[in-house]
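Data block below; observations after.
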Amino acid sequence: IVKENSSSMKEFILLSLSDNQGVQKIYFVVFLLFYMLTVAGNLIVLTVTSSWHLNSPMYFFLCHLSFIDICYSSVTAPQMISGFLVENNTISFAGCIGQLFGVHFFGCTEIFILTAMAYDRYVAICRPLHYPALMSRRLCGRMVGVSWVGGFLHSTLQTLPIALLPFCGPNKVAHYFCDVHPLLHLACANTRAEGLAAVANSGVISLSCFLILVTSYVVILVSLRGQTLAGWHKALSTCGSHITVVFLFFGPTTFVYIRPSSDLSEDRTVAVFYTLITPMLNPLIYTLRNGEVKGAVRKLCRRKV
């Protein structure tokens, strides 16, 4: 598929976040720092949560989330950062399709992992006595496996129709990475069906998982009626970090994919949040609000020193 289409369109030009050369140099420094913090922070969390004494389901899911965040930001950030230093930020047709696949694969897998983490928090708070039985290691493994498989299927369904489209006209992608809506604008064919399918696929997954997550937290809050202030504090500290991550990730994602896109420059700005900002903030949010993780990080730092 890629070989056949690449004969008519060998490469694409990705647009930058700004046309101003001075602003681009500032963006280069800022986003390079963001990307370095993303990789370093998630590597620390990945190392800490994979240790033997942090063996609860929450840390099992957090370990996978950190690995996904590293991969997710690495699919888009290096290409974007290098583009700030060149006049034309080009990417091959095969590379563009690969980037499209990677963005949706890791992005959708993260959505499913966050949903699994919400279920884990629900069981931990609402059914604490049954928690060890309900959240067994086998169930956690299956939930993570389903998340990866679901992400792969979603990404395949998103990427394959785009790869089959003919591209023969302009090659400037109105985005800093290859995504569905910008590529549909460049195809030399009627892409209405593909656009609706993309909204139905990505948009419905984002919105439905977001509603499931919100519902789970409403149920948790309702179940806390009659609890003491200490009980409320413990429950909110347990799931507060997860709520923060959910709104930071799902808000921009749902905004971009729930509707047929008409303003690609607006989508380009919003996409920065879920491709780079949220993966960078995840380690800080989970570390700062979790005593066990903070303690493990301090031990790790002392050993390194």
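Restricting attention to the range 48-83, which residues are at pLDDT below 90 and either open to solvent by 40 Å² or more (accessible area, probe 1.4 Å) or part of a loop (DSSP other than H, G, I, E, B) (or both)?
Ser50, Ser51, Trp52, His53, Leu54, Asn55, Ser56, Phe60
Any residue at all in the range 47-65 that's hydroxyl-bearing (Ser, Thr, Tyr) and touching an Asp or Glu at 6+ places or on another chain (Cβ under 7 Å)?
For the range 47-65, residues hydroxyl-bearing (Ser, Thr, Tyr) and touching an Asp or Glu at 6+ places or on another chain (Cβ under 7 Å): absent.
Pick from the range 154-171 the residues that are in a helix (DSSP H, G or I) and more than 15 Å from Cys96 (Cα to Cα): which of them is most open to solvent (accessible area, probe 1.4 Å)?
The extreme case among them is Leu157.
Evaluate the range 120-127: report whether one residue or more is in a helix (DSSP H, G or I), modelled with pLDDT of 90 or more and either closer than 26 Å to Pro182 by Cβ or touching a Pro at 6+ places or on another chain (Cβ under 7 Å) (or both). Before you say what the answer is, go through the steps one by one.
First, pick out the residues of the range 120-127 that are in a helix (DSSP H, G or I): 120-126.
Filter once more, so that each one left must be modelled with pLDDT of 90 or more: none.
No, every residue in the range 120-127 fails to be in a helix (DSSP H, G or I), modelled with pLDDT of 90 or more and either closer than 26 Å to Pro182 by Cβ or touching a Pro at 6+ places or on another chain (Cβ under 7 Å) (or both).
Does Val86 satisfy the criteria of being assigned to a loop (DSSP other than H, G, I, E, B) and either of a type in the set (Phe, Trp, Tyr) or surrounded by fewer than 21 Cβ atoms within 10 Å (Cβ to Cβ) (or both)?
Numbers: assigned to a loop (DSSP other than H, G, I, E, B): yes; either of a type in the set (Phe, Trp, Tyr) or surrounded by fewer than 21 Cβ atoms within 10 Å (Cβ to Cβ) (or both): yes.
In short, yes.
Can you name the condition, by its number, that Ala133 falls short on among (1) open to solvent by 70 Å² or more (accessible area, probe 1.4 Å); (2) free of Cβ contacts under 8 Å to residues at least 40 places away in the same chain; (3) under 17 Å from the mean Cα position of the chain (by Cα)?
Result: Ala133 fails condition (3) only.
The values are calculated or read from the model by the stated rules, or taken from the named source; none is laboratory data. Owing to the predicted nature of the structure, the values given are computational and were not obtained by experimental measurement. Note that we place each Cβ from the backbone using ideal geometry, even for glycine, and neighbour counts take in every protein chain shown. Ligands, DNA and RNA are excluded from the accessible area calculation, which covers all protein heavy atoms including side chains. Shrake-Rupley method; radii C 1.70, N 1.55, O 1.52, S 1.80 Å.
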